[in-house]
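J.: Just dropping this structure here.
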């Protein structure tokens, strides 16, 4: 209650000051125009116009929201609104006088001067208020913060672009932050010697050592979210040799709505060294597809499923249904959605997709418009030795949810697949290839039996390894480095495709807008990364030297692993799309009837835990599948 009264008091104080300033500026306009000598006619004009001009100005100011802002955050947007308001006031005043008496007895220059002086006075008033709030009002708090902090950290920023500008501004405005920026480094010659909010761009990045010696910073911040892999590797290497702490801002793909803040600062990770350019998203198309829709995400508690939920919520769905078999994972994503994102219209379903009755009832009750099927077992060696679980959780569960989606007319069904489905050498890859075939078979059946467009559009999205996912090798390497090594690499020549988890989720949403039915979309994964080189880069990021301080040990391929992964099988017929990072495989797929009998046998063999028979049926259905020797636990 007190806060509301104070707000009203502040409003009346500012309004009163504005009225006083407006009276003074109008009088001053006459003084300037008539060289300080005002006659009876001028005083009469002032008394006549002011009672009409002041309400006009205040009304226009209110219309432009000049009294709704928070004074401490006066910005260029507020100053632009003042400029617009003053221009409109001058035009209205001049137009009225022209219509009433064609300016007889009035000076046109007075009203032009009045507009300019009003702009200067009202803008200056706001700037003074901002200076007061940012430099003087919080002075006791600042002194207390300085007493509590032994000393401010001296921060040297690499980069002098938009991200660096926002960080400098935040540090200057928020005096409670324990940072003092000593300078900025940038390789752009035209920026060197310039200033950002009073902080100098002192030199190129190559001179980092010299400036570290000169300024003795406590920390280095890399503020170049758009840096390429080569740039980031070079910058990190220079920072590492300075023997002081260095951090970075997240990549553009991670910065939702391009907001950069001190809170975004984190340690440099391997994801930064990938150097993948930000994803171009057709936001209008995605919004049109997702906005106000009911969306079901299976595997919502997993790494891919959870990130899909985060990205989907950017586009304001009507309701989100979270389906997962892990109570802990489901709880984690539920708490994030509720307390961090602030979305309340969600449903959490704990259960197994293999339960035909459960998924059928969920889809019947909540009627989702889109289903993102991300639930699957993905750990290659574990699935290889427990192949019956791949059949149950990857193949049978996918068939169940596809059947329920067809039965209840779900608009779009999106299968999250993997590059391991291409010429698979492991059960996990073969099971995911089977899910693609099942998806295409149902799509083919619907097209064959429907008049016009089928009620459900099916599509799959196939991509490689995702940094930060539960199956990523990065957490394992980090843990091994923390323990002092060795870091275990399967083979010195092993390569994998990598992308960030944010990029994967964003491209899945983009692919959804393109699907007409039956497509397998393939995400552009860039250049394959050698796992051995990745291990060396991670060791260096942790401040250690590979082979000297941390041993790299080669242990050979694990069950079901390939030396090199592929994204397409030769002869699949890949076609580019209008998005540079998405390609597509189009095909009608096999007949649904031809899959019924093999799927029935797979289900039977899974109940019997018959690994040899499971692999035999998979080999029969997927000619390009090369099974490993029997390595099952049973």
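J.: Would you list 34, 111, 458 from fewest to most Cβ contacts within 10 Å?
T.: 34, 111, 458
J.: I've got another one for you. Each label point is 7 Å from the Cα along the Cα-to-Cβ direction; what then is the distance between the points at residue 170 and residue 283, in nm?
T.: Going from the residue 170 label point to the residue 283 one covers 1.9 nm.
J.: Then there is this: At a 10 Å Cβ-Cβ cut-off, how would you order 467, 557, fewest neighbours first?
T.: Final ranking by Cβ density, sparse to dense: 557, 467.
J.: Mind ranking 381-389, 89-97 by how tightly packed they are, going by the mean number of other C-beta atoms within 10 angstrom, highest first?
T.: Output ranking for 381-389, 89-97: 381-389, 89-97.
J.: Starting with the fewest neighbours, write out 80, 66, 415 ranked by other beta-carbon atoms found within 10 Å of each beta-carbon.
T.: 80, 66, 415
J.: Extending each Cα 7 Å along its Cβ direction at residue 564 and residue 551, get the distance between those two points in nm, one decimal.
T.: Inter-label distance under the simple model: 3.1 nm.
J.: So if R0 is 25 Å, what FRET efficiency would residue 619 and residue 490 give, r being the distance between their Cβ atoms, rounded to the nearest 0.05?
T.: According to the calculation, E is roughly 0.55.
J.: Right, something else. If R0 is 22 Å, what FRET efficiency do you get for residue 120 and residue 56 from their C-beta distance, rounded to 0.05?
T.: 0.75
J.: Could you state, as a whole-number percent, how many of the C-alpha pairs of region 268-403 are farther apart than 28 Å?
T.: 24
J.: Something else about it: Calculate the FRET efficiency for residue 542 and residue 180 from the Cβ-Cβ distance with a Förster distance of 35 Å, rounded to the nearest 0.05.
T.: Efficiency, from the Cβ-Cβ distance: 0.80.
J.: So if each residue of separation counts as 0.36 nm, and I subtract the Cα-Cα distance between residue 447 and residue 361, what length gain in nm does that give?
T.: 28.4 nm
J.: Any idea how far apart residue 340 and residue 195 come out in nm if each label point goes 7 Å out from Cα toward Cβ?
T.: Distance between the two pseudo-spin positions: 4.0 nm.
J.: If each residue of separation counts as 0.36 nm, what is the full-extension length gain between residue 601 and residue 206 once their alpha-carbon separation is subtracted?
T.: Values: separation 395, 0.36 × 395 = 142.20 nm, distance 6.44 nm.
My answer for the length gained is 135.8 nm.
All of the numbers you see were taken from the coordinates with simple rules; none came from a lab. Just so you know, these numbers come straight off a predicted model, no measurement behind them. Cβ: placed from backbone, ideal geometry, glycine included. Neighbour counts: every protein chain shown.
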